[in-house]
Amino acid sequence: MVLDPGTPACEQGRAVLGASPRGQSAAPRLPERDGSRLYSCPSPPPRPGQGPGGAQRCSRGAAARRLSETGAGMRRSESTCTVNGGGGARGQMRAAASLPHIARPRAEEGGGARRSPCLLVALRPRNVEAERERFFRARFAYDPQFEYAEPVPDAVLDKYRVASDRFVTQVVVQLTDDLLSQAVMMVEDSRPTLAINLSGARQYWLEGMLRHEIGTHYIRGVNNTRQPWHSSEGRKQYCLKPANPTEEGLASLHSVLFRKQPFLWRAALLYYTIHQASRLSFSALFQDLEQYVQDAGVRWEYCVRAKRGQTDTSQPGCFSKDQVYLDGILRILRHRQTINFPLLAALGKVSYEDVNRLKKFGVLERTRIPHFMQDLERYMKQLDHIVTTNRLNEQELEQLLPD
């Protein structure tokens with residue numbers, strides 16, 4: 001996933017595209033509520049202690065050819081964990097119990113055995129710190145041997161074993177400084193929860209993370225519970241396409257939406273790293289990334305992300321889920337002039353390709369759209385600005401993603 005958080009740290013190596021310096025003027029004050037209603041309609045008064053508010057849930061793409069020749073020290077997040085939304089008195093947090101809940105799907109991958117609350121958490125090696133120390137002691141010439149607390153079903157890993165090279169030629173990145181910090185959102189026991197590591201929560205990162213996690217995943221998740229396709233059976237009945245890459249692409253765009261320089265370097269780097277991981281061992285991948293990421297600790301984290309699920313990382317192999325961010329970004333930018341974005345938010349966890357077909361079946365009463373979509377003209381201008389900043393153009397997008 002909240003994907004591209006933070007502000008650039010330092011500029012080394014390759015020329016950068018006007019990276020945002022530290023100490024920029026303060027970002028606009030965060031809104032007091034998560035979302036606004038798509039259509040005005042009467043609604044019952046809130047229960048005591050419960051205010052209005054939207055909500056949302058968490059965790060191949062093509063970056064611009066020059067896409068981020070930027071040196072940036074942004075921090076990362078991965079959609080996965082539980083949410084406390086805004087509402088009530090200004091500056092106060094609402095209790096999680098007062099938020100709309102997102103029901104857990106009936107059918108879960110991996111059979112009837114009890115799973116970890118989140119796949120991406122289960123894929124974090126339990127011996128990652130020990131193997132990190134061993135890797136660095138060996139001066140990067142050792143391939144970690146990872147262990148996992150629970151076995152992940154082969155059917156799940158097989159789904160993400162194959163990496164795409166469709167947009168590799170478009171990716172150029174330059175990164176420096178410390179990047180890795182987690183913001184994770186998931187649904188556990190029908191309760192949305194957002195966990196943030198505040199040690200890395202810079203101002204611009206935090207605002208983008210909230211738009212990513214709450215303004216996209218959570219709001220679309222809550223809206224989805226109102227739709228006739230909220231269950232797996234309903235999705236089959238309405239012949240819905242997978243929610244991704246639309247879901248993560250939209251959230252990733254929202255992470256950088258109002259930045260002066262909304263570079264997409266992080267999604268590009270993840271895409272490239274996954275492609276290389278499918279061909280290289282851990283140690284070879286680590287060496288390959290040095291041309292883009294100078295900080296050894298940061299490179300370690302990117303390699304772990306790309307190799308998660310593997311035990312013996314001396315073998316080529318990848319966990320390709322992270323390619324979905326850039327894939328979704330580019331598809332949405334390619335079709336941004338024809339997408340009905342308020343409906344895309346209101347209809348829930350649906351692909352942009354299904355919006356026009358589903359709008360006559362959707363339940364729009366009491367659905368919400370994120371506050372930053374209220375001014376749709378401004379929203380569309382920001383998407384155009386993202387395209388321009390990353391040196392993309394309509395012709396290039398059409399060539400990459402022909403109809």
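In the condition set (1) at pLDDT 95 or above; (2) open to solvent by 10 Å² or more (accessible area, probe 1.4 Å), residue 344 is compliant with all but (2). Go over the candidates 285, 270 one by one and state the one that is in contact with a Ser or Thr (Cβ under 9 Å, 6 or more places away or on another chain) and of a type in the set (A, V, I, L, M, F, W, C). Going through 285, 270 in turn, the sole match is 285.
Residue-wise test of (1) in a loop (DSSP other than H, G, I, E, B); (2) modelled with pLDDT under 90; (3) within 23 Å of residue 275 (Cα to Cα).
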position: 121; (1), (2), (3): no, yes, yes
position: 130; (1), (2), (3): no, no, no
position: 134; (1), (2), (3): no, no, no
position: 139; (1), (2), (3): yes, no, no
position: 143; (1), (2), (3): yes, no, yes
position: 151; (1), (2), (3): yes, yes, no
position: 156; (1), (2), (3): no, yes, yes
position: 161; (1), (2), (3): yes, yes, yes
position: 166; (1), (2), (3): yes, yes, yes
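Scanning the stretch 245-289 for residues that are assigned to a loop (DSSP other than H, G, I, E, B), at pLDDT 95 or above and farther than 14 Å from residue 333 by Cβ turns up 278, 279, 280, 281. Report yes if residue 294 is at pLDDT below 95 and surrounded by fewer than 19 Cβ atoms within 10 Å (Cβ to Cβ), otherwise no. Spelling it out, residue 294 is indeed at pLDDT below 95 and surrounded by fewer than 19 Cβ atoms within 10 Å (Cβ to Cβ). Checking each residue in the stretch 348-403 for being open to solvent by 100 Å² or more (accessible area, probe 1.4 Å) and closer than 15 Å to residue 250 by Cβ picks out only 353. If residue 233 satisfies every condition in (1) over 21 Å from the mean Cα position of the chain (by Cα); (2) farther than 30 Å from residue 347 by Cβ but one, which is the exception? Of the numbered conditions (1) over 21 Å from the mean Cα position of the chain (by Cα); (2) farther than 30 Å from residue 347 by Cβ, the odd one out for residue 233 is (2).
The values are calculated or read from the model by the stated rules, or taken from the named source; none is laboratory data. Owing to the predicted nature of the structure, the values given are computational and were not obtained by experimental measurement. Note that each Cβ is placed from the backbone with ideal geometry, even for glycine, and that neighbours are counted across all protein chains shown. Remember, those area values only see protein heavy atoms, side chains included, never the ligands or the DNA or RNA. Shrake-Rupley method; radii C 1.70, N 1.55, O 1.52, S 1.80 Å.
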